[in-house]
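Comments concern the structure below.
What follows is calculated from the coordinates using simple rules that are stated; it is not laboratory data. Quantities reported herein were computed from a predicted structural model and do not represent experimental measurements. Neighbour counts are summed over all protein chains in view; Cβ atoms, including those assigned to glycine, are modelled from backbone coordinates with ideal geometry.
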Amino acid sequence: MILAGDIGGTKTNLGLFEERQGTLVKLTDKRYPSREHKGLEEIVADFVKGTGAKVSSAAFGIAGPVVDGRVRTGNLPWIVNGAVLAKQLALGHVRLMNDLEATAHGIAVLKPGDLEILHQGVAAPQAPRVVIAAGTGLGEAILFWDGSKHIPTATEGGHADFAPHTDQHAELWKFIKTRSEFVSAELILSGRGFRTVHEFLSATVRHPSFDDPKTDAAVEITKLALAKQCPVCVEAVNLWVEIYGSEAGNLAIRTVARGGIYVAGGIAVKILPVLKDGRFVASVQHKEKMTDFLAQIPIQVVLDEECPLKGAANAAWKKL
C-alpha cells in the first residue's frame, strides 16, 4: 500500500494507492486544512488510523526546498523530516520532494482529458518541459530528458524577483516595494496576489472579504471578475494573468523548454476562461528575439488538481 501526500500552505491531501494490473489505483483520500494542524506527522497519524492501512511505501510533495531529507515549509510553520515520518510509519525510507517535483511526476500519468490546450505549438517529445503552478505560493519545476524518460527537478523560481516589462508592471513593482523589502514573482502570482493587484488598481473599491482576515479575497475577486460584476476585479484578474504568462515565458526561455509549458495549480482551473482568452499565451510569447521560438512551444493547463498527489504516489511506486 502506497501512502502519498500533497502538502501546501492551505490544504494537505493524503491518499492511499495500490497497483492493480500494472496501474496505480487510488483507494481513498482525505483533505486536511493545513493550518489547523501542528505538523504533517499529526495528519499522517490521523489518516493512517482512520484507514487502518498497512503502508509499504510513502512519498510526499511539500511546498519548500528539500535539503537532506528535511523541508522547512515556506507557507506553514512546519519542519517535515523524512526520517521521523519513516519511523512513524515503520518504513526504512520516506521520500520527500518539492510539491512541483511531485506535480511534474504526475504529468506522466495524466490522461488527455486531464489537460486543456491553450496553444498547440509544435511537439518536441524529447525536449525539456516546464511546470508552473500558482496557488498559495508559486511553484516552478523542470523536466529534463535523460534519453528514455523525463526526469523532474524542483526549483524555487517563484521566489526570484518579479520582472516588470510594461509601465504598468513597473508601477505595480513600486506599489509592492512600499510594502515589502522584496518583490518576488510569488507576491503577485499566488492567491494573495489578487488582492494586491486589486488594491494597486483601486484604493477605493473594496469587497467584504477585504475586511475579514479569515476570508480568502482571491475567491471573491476572481468570482466577481468571471461574472463581470466588478470592473476593477476584471482588470485585476486580466493583469494577473498577463504577468503569469510573462513568468511562464521567462521559465521557458531559461530552460529552452521546447517540450511544453504545463500550467498547474488550483488557480489555473478556477480562472480557466481568462487563461483561454489569448492574454496568457500572448504574454508567454512576448519576449525580445524569442517570439518565434516561444510560438513553437505547446502550452497546456493541468485540469486534474490531484496531479501532485498522483505524482508523489507514482514516484514512490516506481522508485523514481
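Brief remarks on what is shown
- Between F210 and I117, the C-beta separation translates, for a Förster distance of 41 Å, into a calculated FRET efficiency of about 0.70.
- Residue exposure sequence - R95, R254, R129 - by fewest surrounding Cβ within 10 Å: R254, R95, R129
- Annotation for A163 and K11: the two label points, set 7 Å from Cα along the Cα-Cβ direction, are 3.3 nm apart.
- Using only side-chain charges placed at the Cβ, +1 for Lys and Arg and -1 for Asp and Glu, the dipole size of the chain relative to its Cα centre rounds to 600 debye.
- Extension gain, D46 to A282: 0.36 nm times the residue separation minus the Cα-Cα distance gives 80.4 nm.
- For F280, F182, order by how many other beta-carbon atoms lie within 10 Å, fewest first: F182, F280
- Put a plus charge on the Cβ of each Lys and Arg, a minus charge on the Cβ of each Asp and Glu, and nothing anywhere else: the dipole of the stretch 2-98 about its Cα centre is then about 60 debye.
- Structure-derived Cα Rg over 2.2 N^0.38 Å: which label, when the choices are [x] 1.23; [y] 1.48; [z] 1.00: [z]
- Virtual spin-label span in nm between L27 and L303, 7 Å along Cα→Cβ: 2.9 nm
- Among D277, D211, D46, residue whose mean-square fluctuation peaks in a GNM of the chain (springs only between Cα atoms under 10 Å): D211
- Listed pairs K174/K214; K11/K287; K214/K270; K30/K111; K26/K319; K38/K223 exceeding 29 Å between Cα atoms: K11/K287; K38/K223
- Taken along the Cα-to-beta-carbon direction at a fixed 7 Å, the label points for A295 and K319 span 4.8 nm.
- Note on the stretch 182-229: with charges restricted to the Cβ of Lys and Arg (+1) and Asp and Glu (-1), its dipole about the Cα centre is near 120 debye.
- Taking the number of Cβ atoms within 10 Å of each Cβ as an exposure proxy, the fewest-first ranking of S148, S202, S209 is S148, S202, S209.
- Peptides ranked, highest mean first, by Cβ atoms within 10 Å: ranges 150-162, 303-315: 303-315, 150-162
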